[in-house]
Amino acid sequence: LFRFNEPSVCGTIVGWMCSLFIKQRLYELHSIRFPVLMIHGQAGSGKSETARHVIQPFFGDISAMLRVDDITSFAFTALGSSSNMFPLIYDEYKPALFDNSKIKLVSKMIRGLYDNESSMRGQKDLSTREFKIFAPAVVIGESGFEEPALRERSADVFVSKVDGVKFLDNFLELAKTPLTKLGNALLNFTLSLSDEKIFELFKNNMKDSGRVRNNIAMINTGLDLLALFYESQSEELDLEVVKDLVDKTQIEV
C-alpha cells in the first residue's frame, strides 16, 4: 500500500481513501469538511491507472470513470448527491482547453463538494427538489488547481513519470491483491468505533486552524484508522513517518 509510488503520494492517497469511511460522521457531528483529491502529473505518469487499480478496487467500484469535459451542470449535481462514500472519479481535467463556463462549472463543483452545498432543481410538475452534495471526488489531470480557493479545498498529489517507473513492479503486485476485501474489512472496523473515538483521532491530528490543516488532519486520521485496524488483527503498522510526509508535502503545495 505504501510502495506503489513515492511514500508521500501513497500516504496521501491511502489516507484519503481510508478517511472516506468516517467523513460523513465527522461532518454530521462537527461540520468537518472533506477535501477533493487532485491527482496530477505529466502524460503517462500513472494517474488514471492509480484510480483504476487502487482507488476504485478499494471500494469495490467497477463503474467507468467520468470525463470532466463531458459533464453538465445537472449531471454534476445529480452525481454529487448520489453517494456519501463512493468517490466520483473525474478524469481529463484540462483547464487550458476549457472555456470560461466549464472552468466556472468545475470551480463551483469543487466548492460544492467541499462545503456540502445543496442545489435546488425544478421538476416537470413545477415542484422543486433539493439535491444535497455529499459525494467525495477525485479529479485527475495533467495540471493541478491554480485557483487558491480550490487548492485550499483539495488534497494535492503530484505523480512523476520518472519516479513512478521505479515503483512499477510494486504497483503491478498491488493491483493483483484483493483490495476490495481490505476496504470492506476496514469499513466494518470503522463502524465498530464510537463517534467520540473517531473525533478524538481527528482532534489529535489537527495541529492548527484553517482548511489546509483540516485536510491534512482528515488524511492522517485515515492513516490512523488503518493502523488501528491492523492492530486489531495483531499486526503492527507504524505510519508516523508517512503522516509527517503527508503534512510536509501538503503544506508545501
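The values are calculated or read from the model by the stated rules, or taken from the named source; none is laboratory data. All values derive from a computational prediction rather than experimental measurement. A quick note on method: Cβ atoms are made from the backbone with ideal geometry, for glycine too, and the neighbour counts reach across all protein chains shown. With ligands, DNA and RNA removed, areas are computed over all heavy atoms of the protein, side chains included. Shrake-Rupley method; radii C 1.70, N 1.55, O 1.52, S 1.80 Å.
List of remarks:
- Two-decimal Rg to Rh for region 1-88 - Kirkwood Rh, Cα set: 0.97
- Within the chain: Cβ-based charge dipole about Cα centre, in debye rounded to nearest 20 (Lys, Arg +1; Asp, Glu -1): 700 debye
- In the context of the full protein assembly, F158 retains an accessible surface of approximately 110 Å², using a probe radius of 1.4 Å and ignoring ligands and nucleic acids.
- Multiplying the residue separation of E92 and M206 by 0.36 nm and subtracting their alpha-carbon distance yields 37.8 nm.
- With 0.36 nm allotted per residue and the present C-alpha distance subtracted, the D125-A64 stretch has 18.7 nm of extension available.
- Per-peptide average of other Cβ atoms within 10 Å, ordering 60-68, 45-53 highest first: 45-53, 60-68
- Max mean-square fluctuation residue, GNM over the chain, Cα-Cα springs under 10 Å, options N204, N188, N100: N100
- When each of K108/K248; K47/K132; K166/K203; K47/K102 is checked by Cα-Cα distance, pairs over 32 Å: K166/K203
- In the context of the full set of protein chains, residues of the chain present 49 Å² of accessible surface per residue (probe radius 1.4 Å, heavy atoms only).
- Each Lys and Arg contributes +1 and each Asp and Glu -1, all at the Cβ; summed about the Cα centre of region 148-253, the dipole is approximately 480 debye.
- Only beta bridges with both residues in the chain are counted; by DSSP, about 25 percent of them are antiparallel.
- Residue among P95, P57, P148 with the largest mean-square fluctuation in a Gaussian network model of the chain, springs linking Cα atoms under 10 Å: P148
- Stretchable slack from E252 to H30, in nm (0.36 nm times residue separation minus alpha-carbon distance): 77.2 nm
- Simple label model, 7 Å out from Cα along Cβ direction - D163 to D244, nm: 1.7 nm
- Carbon plus sulfur fraction of accessible area for the chain, probe 1.4 Å, in percent: 52 percent
- Here's the list of aspartates and glutamates a cross-link from K176 could span, going by alpha-carbon distance under 15 Å and ignoring same-chain residues fewer than 8 apart: E49.
- Dipole magnitude for region 33-169: computed about the Cα centre from +1 point charges on Lys and Arg Cβ and -1 point charges on Asp and Glu Cβ, it is near 280 debye.
- Computed on the chain, with alpha-carbon pairs under 8 angstrom and 6+ residues apart, the relative contact order is 33 percent.
- Bridgeable aspartates and glutamates around K243 (alpha carbons under 12 Å apart, same-chain partners fewer than 8 residues away excluded): D224.
- Quarter the surface of the alpha carbon convex hull of the chain and you get the mean projected area, 14.1 square nanometres.
- Computed E for D115/Q233 - FRET, C-beta separation, R0 22 angstrom, nearest 0.05: 0.05
- Euclidean distance between Cα centres, region 131-184 to region 221-250, Å: 18 Å
- Remark on I89: its backbone amide H falls under 5 Å from those of L66, V138, a criterion applied only to residues 5 or more positions apart or on other chains, H modelled at 1.01 Å from N.
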